[in-house]
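Below: the structure, in structure tokens.
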Amino acid sequence: MKMRTGFAELTPEKLRWTCCPDLIPVASTNEARACEEIIGQERALRAIQTGLDIKSLGYNVFITGMVGTGRTTTVKQFLERLEKGDRTPDDILYVNNFKYPDEPVLIMLPSGQGKLFAEAMARLIDLLRTNIPNLLKSPYYAEKRDAIVESQQKKQRDILQRFEEEAAEQGFSVIQVQMGMFTRPDLIPVIEGQPLPFAKIEGLVKEKKISKETLETLRTKYEELTAKLEDIFEKLKEIDEETRTLLRGWDEESITPVIKGGIDEVRARFAFPKIGAYLDDVEKALVKTIDLFKNQKKEDKERVEHLLEYRVNLLVDNSDQRGAPVVMETNPSYVNLFGSIEVSYSRAGMGQTDFTMIKAGSFLKANGGYLVINALDALVEPGVWATLKRTLRNQIFEIQNYLQMYLFSSARLKPESIKSDVKVVMIGDASIYNLLYFMDEDFKKIFKIKAEFDSEMDKGEKAVGDYVRFIKKICDEDALMPLDKDGIAALIEYATRIAGRQRKISTRFHVIADVIRESSYWAGKDKKSAVGRDDVEKAIRERFERVSLIEDKIQEMIEEGTILIDTEGAVVGQVNGLSVYDMGQFMFGKPTRITARTAMGRAGVINIEREADMSGPTHNKGVLILGGYLRGKYASKRPFSLAASLAFEQSYGGVDGDSASSTEVYAILSSLSGLALRQDLAVTGSLNQKGEIQPIGGVNEKIEGFFGVCRAKGLTGTQGVLIPHQNAQNLMLRADVVAAVREGKFHVYPVRTIDEGIEILTGVEAGLAREDGSYEEGTVHGLVDRELQRLASGWKSFSGGNDKDEGQAGGPQ
């Protein structure tokens, strides 16, 4: 047996990056200047600037990145500091359309003019509401009106008088006859100075006091005079209509100057074409509704009191705005974003609305500027995404009644559309961006700029200085204790661990800010005047202990022996793998036992997790790669006859990821060679088909997880882990792990190939291949090759040469 010793391991200095105090330019954050600029997002800021500067259609911005990288805060600060230009967006108003009341008219006025115009129209209406009734009560108006009425009545009296004289000459008198609630004029014959109805005259004829010819003559005259009376009635009606026309003319003649004077004053102040046309319509409408100011009916009084049709609906008032507006809509519901047309309901349940009930949303308030919304919030709100797309695509905004989209509503308005000029900045994660980009054809046309926020930045003097100023900013904003130099160093070291690489530092500032706040809290509990390293480390430790119940329970089961993990000795076909549990708020690592059993057959490598539907696609891929490695290593010149089963023992929740593929190879090689694997070591690392070890994630958590188990069972001085050599740059281990390595109680071995790993686990040389494909005797590969030859010969003799492929995963293809 060719033994192998003296394996290279990582020194304590490589297990953790330590912040040198000389990198920190201040003794305390009290000496630092608070950070005002945006840190570590130069690429994203350039993309945002490009999107905002290009005014062409579709250059809206979609921002992606991890939550906590400061996307929303950064965008807000960036837009507020942006050079917004001298031009402030126009005010947006709606006024009544007197011709088509259900289609309100849009008026755009320079910033501040909308408010003045609305006030001017309100004063005009108040003026008319006061001056017109006063004019109607004035002697000037009343005398002329009375003169018109008297003149027309005199005409009527003269006509009636002439008719009465003619009737008297014919022997008739005009009388008034009661007919229900009304009276009407009629004619009655006069005999010897006495008016007698025809009934009495007929009696006198029977008594022969009056001749029958006289009665017939009277009847004939009555019919002639009655016909004339009807003609007179028509003339009187014509005179009444003429009177009304004269009175209306007098009203217009006397009141129009009042209306015209007020409107001309408004027209002179606001010399805009659309306002001029609107005021023309107002003047015509007021002249037609003069009677409202005279009538004393309750409904007319109420209408005069409000005169809503002459009011101005100032939708967006930019009088206090300077430059382009920046609107952050945190609740992008349809109504909040796009406004609404409100509806009032009568007692009968009928909906009523008008132009004064149009309400603006955030989109209109941001017109001419910038609107920032969250992508997920906008997508889940009914109707929001479709309306946003349509508006950005067509550059036309139409306010709609939200109820009309989903419910029946009898009240309908179609306000004049508005030309939109809004830069939309949408914030979401990469999955939402990709979903929209590939599934929605319009998305890529209206969001042409993608700005990606990084979760890390290069570490250097500038980055450290920026971090110090960021800490100062949080301390000032939340009135926290200052951090001393050691406290700052501890915080930067934690930010490096979050970043996952020693040469990087995290930009997940919300996490860092929380650690600062909690460190100040613990320092305050200890009556300290400044936050030191101990306080920062305690805050970090407490943050994890609050949510580490599951980790503690798993650790208890390992210590009790419920979960089987060996940390001493050596076993054939058994190895300690390392798994990471991602709980959302934190991750932790724990060892898991992986076993392999090999036998005669053609099934290849059987993934028990896959057969039980407990294996994810990445893990399945890793097992298939493992099979490729074995075939390439041992079956290049002879058939491959093997049935090997792999299992994650006591795994009940499913397995995914390929970080255990190298571990599984070690277990198979051990089972084939008969060489025992050290149980005081744990292994992680993915594998390619050439036998090279590839980097994995969660390396710190995995090492610390196995260290915790070894420490609980007792450190022997030989325990340690095998990690991919590329992951050395990712190491930011806890101080207690580093201390154990420094004392020689724990070891971290960087591994490049399967050969290096198997030598460490078995203490036997891996062995090199000869020209004929065989391996040196007494090496791991030599023992494996010999066993595979034995299995192949046994299978051939047993099957009588019938090599039937059993078709299992990892078998010969």
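Considering only the range 761-778, state which residues are surrounded by fewer than 23 Cβ atoms within 10 Å (Cβ to Cβ), closer than 16 Å to ALA667 by Cα and in contact with a Leu (Cβ under 8 Å, 6 or more places away or on another chain).
Hit for the range 761-778 is VAL764, nothing else.
Being aliphatic (A, V, I, L, M), open to solvent by less than 30 Å² (accessible area, probe 1.4 Å) and at pLDDT below 95 narrows it down to one of VAL683, VAL655, so name that one. Outline the logic, then answer.
Values: VAL683 fails: at pLDDT below 95.
The match here is VAL655.
Examine the range 459-475 for a residue that is farther than 14 Å from LEU23 by Cα, open to solvent by 30 Å² or more (accessible area, probe 1.4 Å), of a type in the set (Asp, Glu) and in contact (Cβ under 8 Å) with a residue 12 or more places away in the chain, and state whether such a residue exists.
No - not one qualifying residue is present in the range 459-475.
VAL61 - would you say it is farther than 28 Å from ILE427 by Cα and among the hydrophobic types (A, V, I, L, M, F, W, C)?
Working: farther than 28 Å from ILE427 by Cα: no; among the hydrophobic types (A, V, I, L, M, F, W, C): yes.
No, not satisfied.
Which one is farthest from the chain's Cα centre (by Cα), of the residues in the range 128-178 that are under 14 Å from ILE255 (Cα atoms) and aromatic (Phe, Trp, Tyr)?
Looking at residues that are under 14 Å from ILE255 (Cα atoms) and aromatic (Phe, Trp, Tyr), I get TYR140.
What number of residues within the range 196-209 satisfy the criterion of being open to solvent by less than 70 Å² (accessible area, probe 1.4 Å) and either under 19 Å from ALA167 (Cβ atoms) or in contact with a Phe, Trp or Tyr (Cβ under 7 Å, 6 or more places away or on another chain) (or both)?
Here is the first cut: in the range 196-209, the ones open to solvent by less than 70 Å² (accessible area, probe 1.4 Å) are 196-198, 201, 203-205.
Restricting the remaining residues to those that are either under 19 Å from ALA167 (Cβ atoms) or in contact with a Phe, Trp or Tyr (Cβ under 7 Å, 6 or more places away or on another chain) (or both) gives 196-198, 201.
Final tally of qualifying residues: 4.
Testing ARG742 on (1) surrounded by fewer than 19 Cβ atoms within 10 Å (Cβ to Cβ); (2) at positive phi, one condition comes back false. Which one is that?
Result: ARG742 fails condition (2) only.
Out of GLY532, GLY524, GLY569, report the one residue that is surrounded by 17 or more Cβ atoms within 10 Å (Cβ to Cβ) and either in contact (Cβ under 8 Å) with a residue 24 or more places away in the chain or among the basic types (Lys, Arg) (or both).
Details: GLY524 fails: surrounded by 17 or more Cβ atoms within 10 Å (Cβ to Cβ); GLY569 fails: surrounded by 17 or more Cβ atoms within 10 Å (Cβ to Cβ).
Among GLY532, GLY524, GLY569, only GLY532 is surrounded by 17 or more Cβ atoms within 10 Å (Cβ to Cβ) and either in contact (Cβ under 8 Å) with a residue 24 or more places away in the chain or among the basic types (Lys, Arg) (or both).
LEU624: buried (at least 24 other Cβ atoms within 10 Å of the Cβ) and of a type outside the set (Asp, Glu), yes or no? Let's see the steps before the verdict.
On the way: buried (at least 24 other Cβ atoms within 10 Å of the Cβ): no; of a type outside the set (Asp, Glu): yes.
No, not satisfied.
Every residue in the range 686-705 that is crowded, with 24+ Cβ neighbours inside 10 Å and touching a helix residue (DSSP H, G or I) at 6+ places or on another chain (Cβ under 9 Å), please. Quick ask: steps written out before the conclusion?
Here is the first cut: in the range 686-705, the ones crowded, with 24+ Cβ neighbours inside 10 Å are 687, 693, 699, 702-703, 705.
Within the range 686-705, LEU687, ILE693, VAL699, ILE703, GLY705 meet the criteria.
Among (1) modelled with pLDDT of 85 or more; (2) closer than 21 Å to LEU135 by Cα, there is one condition ALA268 misses while meeting the rest; what is its number?
The one condition ALA268 does not meet is (2).
With respect to ILE540, is the statement that it is outside any helix (DSSP H, G or I), surrounded by 13 or more Cβ atoms within 10 Å (Cβ to Cβ) and either touching a residue at least 40 places away in the same chain (Cβ under 8 Å) or not hydrophobic (A, V, I, L, M, F, W, C) (or both) true? Give the derivation first.
Values: outside any helix (DSSP H, G or I): no; surrounded by 13 or more Cβ atoms within 10 Å (Cβ to Cβ): yes; either touching a residue at least 40 places away in the same chain (Cβ under 8 Å) or not hydrophobic (A, V, I, L, M, F, W, C) (or both): yes.
No: the conditions fail for ILE540.
Need a quick list: strands (runs of 3 or more DSSP E) entirely within the range 324-436 having at least 3 residues that are open to solvent by less than 50 Å² (accessible area, probe 1.4 Å). Break it down into steps so the answer makes sense when it comes.
Working: elements: 326-328, 370-374, 423-427.
Qualifying strands (runs of 3 or more DSSP E): 370-374, 423-427.
Test ARG593 against the criterion of being of a type outside the set (Ser, Thr, Tyr), touching a residue at least 60 places away in the same chain (Cβ under 8 Å) and either out of contact with any His (no Cβ under 7 Å at 6 or more places or on another chain) or open to solvent by less than 10 Å² (accessible area, probe 1.4 Å) (or both), and give yes or no. Show your work before the answer.
Values: of a type outside the set (Ser, Thr, Tyr): yes; touching a residue at least 60 places away in the same chain (Cβ under 8 Å): no; either out of contact with any His (no Cβ under 7 Å at 6 or more places or on another chain) or open to solvent by less than 10 Å² (accessible area, probe 1.4 Å) (or both): yes.
Criteria not met by ARG593.
Please verify whether LYS288 is open to solvent by 70 Å² or more (accessible area, probe 1.4 Å), within 30 Å of GLN153 (Cα to Cα) and of a type in the set (Lys, Arg), treating the condition exactly as stated. Working first, answer last.
Working: open to solvent by 70 Å² or more (accessible area, probe 1.4 Å): yes; within 30 Å of GLN153 (Cα to Cα): yes; of a type in the set (Lys, Arg): yes.
Answer is yes for this residue.
Considering the range 548-566 alone, what residues qualify as being open to solvent by 40 Å² or more (accessible area, probe 1.4 Å) and in a helix (DSSP H, G or I)?
Matches in the range 548-566: LEU549, ILE550, GLU551, ASP552, LYS553, GLU556, MET557, GLU559, GLU560.
Has the range 249-263 got at least one residue that is surrounded by fewer than 13 Cβ atoms within 10 Å (Cβ to Cβ), at pLDDT 80 or above and closer than 30 Å to GLY369 by Cβ?
Taking every residue of the range 249-263 in turn, none turns out to be surrounded by fewer than 13 Cβ atoms within 10 Å (Cβ to Cβ), at pLDDT 80 or above and closer than 30 Å to GLY369 by Cβ.
On the basis of being loosely packed, with under 13 Cβ neighbours inside 10 Å and not in a helix (DSSP H, G or I), does ALA227 make the cut? Outline the logic, then answer.
Numbers: loosely packed, with under 13 Cβ neighbours inside 10 Å: yes; not in a helix (DSSP H, G or I): no.
No: the conditions fail for ALA227.
In the range 491-511, what residues are assigned to a helix (DSSP H, G or I), open to solvent by less than 10 Å² (accessible area, probe 1.4 Å) and free of Cβ contacts under 8 Å to residues at least 60 places away in the same chain? Reasoning before the result, please.
To start, the set of residues in the range 491-511 that are assigned to a helix (DSSP H, G or I) comprises 491-499, 509-511.
From the residues that got through so far, the ones that are open to solvent by less than 10 Å² (accessible area, probe 1.4 Å) too are 491-493, 495-496.
If the condition is that a residue be assigned to a helix (DSSP H, G or I), open to solvent by less than 10 Å² (accessible area, probe 1.4 Å) and free of Cβ contacts under 8 Å to residues at least 60 places away in the same chain, then LEU491, ALA495 are the ones that fit.
Quick check on the range 699-719. Is at least one of its residues assigned to a helix (DSSP H, G or I) and among the aromatic types (Phe, Trp, Tyr)?
Residues of the range 699-719 assigned to a helix (DSSP H, G or I): 699-713.
Narrowing further to those that are among the aromatic types (Phe, Trp, Tyr): 706-707.
Yes, that holds for at least one residue.
Could you list, in sequence order, all residues of the range 85-108 that are touching a helix residue (DSSP H, G or I) at 6+ places or on another chain (Cβ under 6 Å) and either surrounded by fewer than 22 Cβ atoms within 10 Å (Cβ to Cβ) or not hydrophobic (A, V, I, L, M, F, W, C) (or both)?
ASP91, TYR94, ASN96, PHE98, PRO104
Given (1) more than 30 Å from ILE760 (Cβ to Cβ); (2) exposed (fewer than 15 other Cβ atoms within 10 Å of the Cβ); (3) not basic (Lys, Arg), identify the lone condition not met by GLU13.
Only one criterion in (1) more than 30 Å from ILE760 (Cβ to Cβ); (2) exposed (fewer than 15 other Cβ atoms within 10 Å of the Cβ); (3) not basic (Lys, Arg) is unmet by GLU13, namely (1).
The values are calculated or read from the model by the stated rules, or taken from the named source; none is laboratory data. Computed from a predicted structure; not experimentally measured. Cβ sites come from the backbone with ideal geometry, for glycine too, and all protein chains shown count toward neighbours. Only protein heavy atoms, including side chains, enter the accessible area calculation; ligands, DNA and RNA are left aside. Shrake-Rupley method; radii C 1.70, N 1.55, O 1.52, S 1.80 Å.
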